[in-house]
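Trainee: Before we start, here is the structure in question, set down as structure tokens.
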Amino acid sequence: MKYIIVLGDGMADEPLEELGDKTCLAYAKTPVMDKLAPLSEIGLVKTIPDGMKPGSDTANLAVLGYDPKKYYSGRSPLEALSIGVPMKDTDIAIRCNIVTISEEEDVFEEKTIIDHSSDEISTEDAAVLLKAVSDKLQSETYQFYVGTSYRHCLIWDKGEVVELTPPHDVLGQTIGRYLPEDANLREMMKKSYGILKDHPINLERKRQGKNPANCCWFWGAGTKPMLSSFTKKNHKTGVMISAVDLLKGIAIGAGMKVIKVEGANGGLHTNYEGKADAAVQALKDGFDFAYIHVEAPDEMGHQGSAGRKIESIEYLDERVIGRVVSKLEEAGMDFRLLVMPDHPTPICKRTHTADPIPYMLYDSTEPGTQGLLYNEETGKNSGIYIENGYTLIDRLFEK
């Protein structure tokens, strides 16, 4: 038996009037999921424990079977593992987004955060911009490391875990009251704007009609993570396929193999087929489990674009789930497939929520008979509710 999780990050949503009071998931044309759903177990699972913030970090830990209340030590440290940062026990890792803030206001604190991803800036351009910042601001205490796209890392030697606001939680708002209380971090953010706003890359981006990547935004502070072995815990070997450093970092911490897919960029136009093919090949090569993470629905949710979120879900259905299922069937492999988001990223809120999310579990050897479609409403009405999200993977592995 082979096992696959296809995770559409932030795929769950709330009903929208313009979609006839349907969610993006219910509205999207998903013939593959529509075919599998009536033969699957559909239920509702709570991936965000009470009292914890609804992030992809805590949620994906839970999906992989790790109790976030036990294993979570901060978001950025997990990403630091992926980047290859040699964290000391006394280091604090902090996510460093390169974001877009408004440029009209003279006072920094009165500026507005426009885009947490700077139009999904390329890693190549972001690396140049981060170097410009690190050349001026890096010290023995603060070290910058390049990640992927807009997502980077700051290591604070002998620092402390301070409260910091995720930029995607305050889109469209004035930044003043969300800046770090720590004076050094706040000053570095302010100086980064002065360094980046007239950088040649940003001048060119504005000429092209793109959002300038004009400020560093710090958030997600945490300490060096300590995850137990995925293989020892589950008695399964596993691979992670994701463009996002967070997911790759979780996998590295858990001792899973990370597979890099050319053209996988965490955006709407990522290499969906490459991810599907890499997962199938890994299973053919002897791995028991493949985790395919697709970031696009979450990014489109943060952008507040229902159309693009629907498009990302339709791509996930056809180009990932459909491709994986057909190739495994062609290879004559028995498999169990779990399809789910990690958390909702509602279009109307443009940020994460902690609401329980629907899952669909399909077994190629024992198709079920629920006769339902896969969406949020079906999950709520299924009668199946899993309180502790980190136990869902046991349901996947039970056969």
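Here, each number is a calculation from the coordinates, and none is a lab measurement. As the structure is a prediction and not an experimental result, all values here were calculated from the model. Note that we place each Cβ from the backbone using ideal geometry, even for glycine, and neighbour counts take in every protein chain shown.
Trainee: Can you give the Rg and Dmax of segment 78-236 based on its C-alpha atoms, in angstrom?
Mentor: Rg and Dmax of segment 78-236, Cα atoms, are 16.2, 58 Å.
Trainee: Starting from the Cα of Lys206, draw a straight line to each of the lysines and keep only those under 17 Å, dropping any in the same chain fewer than 8 residues away.
Mentor: Excluding near neighbours in sequence, the set is Lys197.
Trainee: So what is the relative contact order of segment 296-399, in percent, for Cα pairs below 8 Å that sit 6 or more residues apart?
Mentor: 23
Trainee: Using 20 Å as the Cα-Cα cut-off, could you pick out the over-long pairs in Lys22/Lys380; Lys232/Lys260; Lys2/Lys233; Lys224/Lys248?
Mentor: Lys232/Lys260
Trainee: Another question, if that's okay. Cα extents of segment 1-159 along the three principal axes, largest first, in whole Å?
Mentor: Sorted from largest, the Cα extents of segment 1-159 read 58, 42, 32 Å.
Trainee: OK, next. Using Cα-Cα distances under 8 Å and only pairs 6 or more residues apart, what relative contact order does segment 83-222 have, in percent?
Mentor: So the answer I get is 37 percent.
Trainee: Same structure again: How much of the DSSP beta bridge set in segment 108-261 is antiparallel, as a percent to the nearest 5?
Mentor: Here the antiparallel bridges make up roughly 75 percent for segment 108-261.
Trainee: On a 0 to 90° scale, report how tilted helix 306-315 is relative to the longest principal axis of the chain, with both axes built from alpha carbons and the result rounded to the nearest 10.
Mentor: In the chain, helix 306-315 runs at an angle near 50 degrees to the longest axis.
Trainee: Compute the long axis of helix 183-196 from its Cα atoms, compare it with the longest principal axis of the Cα atoms of the chain, and write down the angle in degrees, 0 to 90, nearest 10.
Mentor: So the inclination is approximately 90 degrees.
Trainee: While we're looking at this one, here's another question. Sort Asp245, Asp119, Asp106 by Cβ crowding within 10 Å, fewest neighbours at the top.
Mentor: Ranked by crowding around the Cβ, least crowded first: Asp106, Asp119, Asp245.
Trainee: Here's a follow-up. Which value results for Rg/Rh of the chain when Rg is the Cα radius of gyration and Rh the Kirkwood radius based on the inverse mean 1/r?
Mentor: Reported Rg/Rh (Cα atoms, Kirkwood Rh): 0.97.
Trainee: For the chain, calculate the relative contact order in percent as a whole number, restricting contacts to Cα pairs under 8 Å that are 6 or more residues apart.
Mentor: It comes to 33 percent, rounded to a whole number.
Trainee: Okay, next question. What is the local net charge at Arg319, summed over the other residues whose Cβ is closer than 10 Å to its Cβ (Lys, Arg +1; Asp, Glu -1)?
Mentor: Residues close to Arg319 contribute a combined charge of -2.
Trainee: How much of the DSSP bridge set in the chain is antiparallel, in percent, rounded to the nearest 5?
Mentor: 60
Trainee: Could you run the Debye sum over the Cα atoms of segment 170-250, one equal point scatterer each and no solvent, and tell me log10 of I(q)/I(0) at q = 0.12, 0.20 Å⁻¹, two decimals?
Mentor: -0.63, -1.03
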